[in-house]
1. Trypsin sites (Lys or Arg not before Pro) within the range 115-187: which are DSSP loop residues with at most 16 other Cβ atoms inside 10 Å?
2. Is there a quick way to get the dipole size of the range 77-126? I mean about its Cα centre, with the Cβ of Lys and Arg at +1 and of Asp and Glu at -1; what is the value in debye to the nearest 20?
3. How about LYS16: which lysines have a C-alpha closer than 28 Å to its C-alpha, ignoring those fewer than 8 places off in the same chain?
4. Is it possible to state the helix-based mean residue ellipticity at 222 nm for the chain, with each DSSP H run of 4+ residues giving -39500 (n - 2.57), the sum divided by total residues, to the nearest 500 deg cm²/dmol? What is it?
5. Quick one: Cα centre-to-centre distance for the range 1-32 and the range 52-92, in angstrom?
6. Would you mind ranking ASP148, ASP99, ASP33 by Cβ crowding within 10 Å, fewest neighbours first?
Amino acid sequence: MALLPILTLPDPRLRKISDPVERVNAEILTILDDMLETMYAAPGIGLAAIQVAVAKRMVVVDIGKSEEERDPLFLINPEIVWASEELSSYNEGCLSVPDYFDDVKRPALVRVRHLDRAGKTQEFDAAGLLATVVQHELEHLEGGLFIDNISRLKRERVVKKFAKAARFDEIAAQRREAARQSEEAGA
Ligand code: K1U
Ligand code: ZN
């Protein structure tokens with residue numbers, strides 16, 4: 001198994017719409033296993049494949065509170081086939097928008113249809129935190145982020161902050177590379 005790098009804002013790949021999985025084969029199962037390991041290590045309670053730069057409709061979720069209570073869900077080609085009119089609010093976070101949390105209202109109950117690891121169609125009902133996380137992850141598969149559901153003012157502030165941080169990182173990387181090259185030339 002492998003730990004995969006998680007894309008963060010403003011990486012444009014996060015805005016891609018993911019493609020359906022055509023066949024559940026060994027390659028798909030390996031990606032799912034790597035996603036799960038990456039999610040546990042982050043740590044997180046959900047992860048969509050696009051967050052690790054794989055534009056396929058795959059999600060892993062585990063809302064267990066401890067290692068002993070681990071109960072991972074592997075959702076391939078997931079879809080919400082029913083959602084309640086009743087909404088519930090949760091203070092969401094996202095591994096692709098580190099250290100930012102905000103309240104988002106979503107349907108309180110959802111019914112999810114998906115393929116399992118054996119390629120078989122399954123359905124389950126989700127409520128509470130599980131319903132929130134599943135909907136958050138399915139939004140990723142459409143190129144969405146939870147910050148799309150907050151006010152424009154707040155979203156623009158968050159996007160600006162991450163764009164600035166990315167520019168600083170880029171400049172720092174350029175300086176490191178220039179220093180490495182001049183050291184190499186002097187050696
Ligand atoms: O999609 C992601 O980036 C994962 C995200 C899932 C999520 C959390 C909360 C509400 C909606 C969706 C996270 O896991 S953020 C990290 C987090 O919430 C958490 C991490 C460790 C323990 C408990 C929660
Ligand atoms: Zn997320």
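A short reminder: the numbers here are calculations on the coordinates, not readings from a lab. Please read these numbers as outputs of a predicted model, since none were measured by experiment. Ideal geometry is used to build each Cβ from the backbone, glycine not excepted, and the neighbour counts take in all protein chains shown.
1. ARG117, LYS120
2. Details: 6 positive and 10 negative charges, 63 e Å.
The dipole of the range 77-126 has a size of about 300 debye.
3. LYS56, LYS105, LYS120, LYS154, LYS160, LYS161, LYS164
4. Working: 3 runs with 65 residues, N = 187.
Result for the chain, helices only: -12000 deg cm²/dmol.
5. 15
6. Ascending number of Cβ neighbours within 10 Å: ASP99, ASP148, ASP33.
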